[in-house]
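The values are calculated or read from the model by the stated rules, or taken from the named source; none is laboratory data. In this text the structure is predicted, and so the values were computed from the model without any measurement. Here the Cβ is made from the backbone with ideal geometry for all residues, glycine too, and neighbour counts use every protein chain on show.
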Amino acid sequence: MRNIIMRNELTAAIKKEKAILSCLEESVIKSVNARPFLKWAGGKQQLISKLEQRFPEHIKTTKQVTHYIEPFVGGGALFFYLKSNYKIEHSTIIDINSDLIASYKVVQNNVSELISHLKAMEINYLSADNEERKDIYYQTRQEFNLKAESFSNQLSGDTVERVAQLIFLNRTCFNGLYRLNSRGHFNVPQGSYKNPTICQEERLIEAHKALKNTEILQGEFELVKHLATKDNFIYYDPPYRPLNTTSNFTNYSKDGFNEEDQHRLYRVFNELNDRRVYQMLSNSDPKVYDPKDSFFDNMYSKYNIARVDANRMINSKGAGRGSITELLITNY
Ligand SMILES: C[S@@+](CC[C@H](N)C(=O)[O-])C[C@H]1O[C@@H](n2cnc3c(N)ncnc32)[C@H](O)[C@@H]1O
């Protein structure tokens, strides 16, 4: 019964959202004020000003980029910042995670349906008591995982529903993070937020605007080799090389990111350096835990390596107190 009511409400809501959105599109909205619509592990929101300080000088001065490319886009903190504060003629975002990429495509192409789905999910969840909420959460998670294998990256009604489920889980799970286990299943338990906003309508609409003139690709970071040309600007934010055995979260996909992948990335960086592409890359600073570990200093020795304060504290007894630095490597 609850489902039938939800479906009717949903159809009416989709119509209303479409009307609102077409008004917005018509009023030629130029200004964008976008931020990530998903909370993503390793998100760079807190570090944006430090990244910006190290942009190429001409980009800082003109506030313009002809082609911006972000091959490990995740939640896209820097991408959304640039689209809101710089003139970006064209951009390409890439990630290996097909659900993440589907989310960007749905926000780009079907945002009104997505908003309607999320509104219905929000009403359903917030009007439920604690026991019912628990059932809704775990049922949604189970359905999300059951469909993981058969899910194809083609945009369809199913895709919008799946992306709505992903956002719902992201807004209601413990710590609001996306994490997969080795079987490729989303295994985060329910969080204990009292009144989570499941449908961040404003944010989704701003993200939709930001995604104009943006190519969205699912795949390996190496795709950049086929895309980047002279004077383009690339920001790489790969899964970090783990600093110690307890900080080894690199499982955004079930395949992880190992040292050989770091070497592969270095080879791409070199190749595009020869092509005179402006490149900036973040990674963990191994010297935080082991001053003798020069993994990245050796690898990127011919480039500029800055150590920036990551606004986080070391939480290990052996390493003493102090804030964690991260590496910011540039080829300009
Ligand atoms: C540190 S996160 C990026 C966070 C992002 N800068 C933000 O602000 O949210 C790393 C991203 O790389 C993606 N990734 C992992 N391995 C990849 C690969 N081989 N090629 C492309 N993307 C990959 C993950 O899915 C994840 O979204």
If you check every pair at least six apart or on different chains, which have Cβ atoms under 8 Å apart with a residue in the stretch 256-267 that is assigned by TED's automatic domain parsing to the domain that holds S294 first and a residue that is assigned to a helix (DSSP H, G or I) and near the ligand (Cβ under 8 Å from one of its atoms) second?
R264/E222; L265/F221
Give the number of residues within the stretch 230-255 that are at pLDDT 95 or above, touching a Lys or Arg at 6+ places or on another chain (Cβ under 7 Å) and either hydroxyl-bearing (S, T, Y) or under 23 Å from W40 (Cα atoms) (or both).
1
Within the stretch 32-76, residues β-branched (V, I, T), under 26 Å from K225 (Cβ atoms) and within 16 Å of the ligand (Cβ to nearest atom) come out as I69, V73
Scan the stretch 137-147 and tell me whether some residue there is assigned by TED's automatic domain parsing to the domain that holds L272 and crowded, with 19+ Cβ neighbours inside 10 Å.
no
Could you list, in sequence order, the residues of the stretch 39-58 that are of a type in the set (K, R) and without any contact (Cβ under 8 Å) to a residue 60 or more places away in the chain?
none
Of all the helices (runs of 4 or more DSSP H) wholly in the stretch 119-237, which have at least 2 residues that are hydrophobic (A, V, I, L, M, F, W, C) and either closer than 25 Å to I93 by Cβ or within 16 Å of the ligand (Cβ to nearest atom) (or both)?
157-172, 201-210
Can you tell me which residue within the stretch 81-116, out of those that are within 17 Å of F144 (Cβ to Cβ) and among the hydrophobic types (A, V, I, L, M, F, W, C), is surrounded by the fewest Cβ atoms within 10 Å (Cβ to Cβ)?
I101
State whether the residues of the stretch 128-143 include one that is in contact with a Lys or Arg (Cβ under 7 Å, 6 or more places away or on another chain) and under 14 Å from V163 (Cα atoms).
no
Given the conditions (1) within 11 Å of the ligand (Cβ to nearest atom); (2) in a strand (DSSP E or B); (3) out of contact with any Pro (no Cβ under 9 Å at 6 or more places or on another chain), report the number of the one that I94 does not fulfil.
(3)
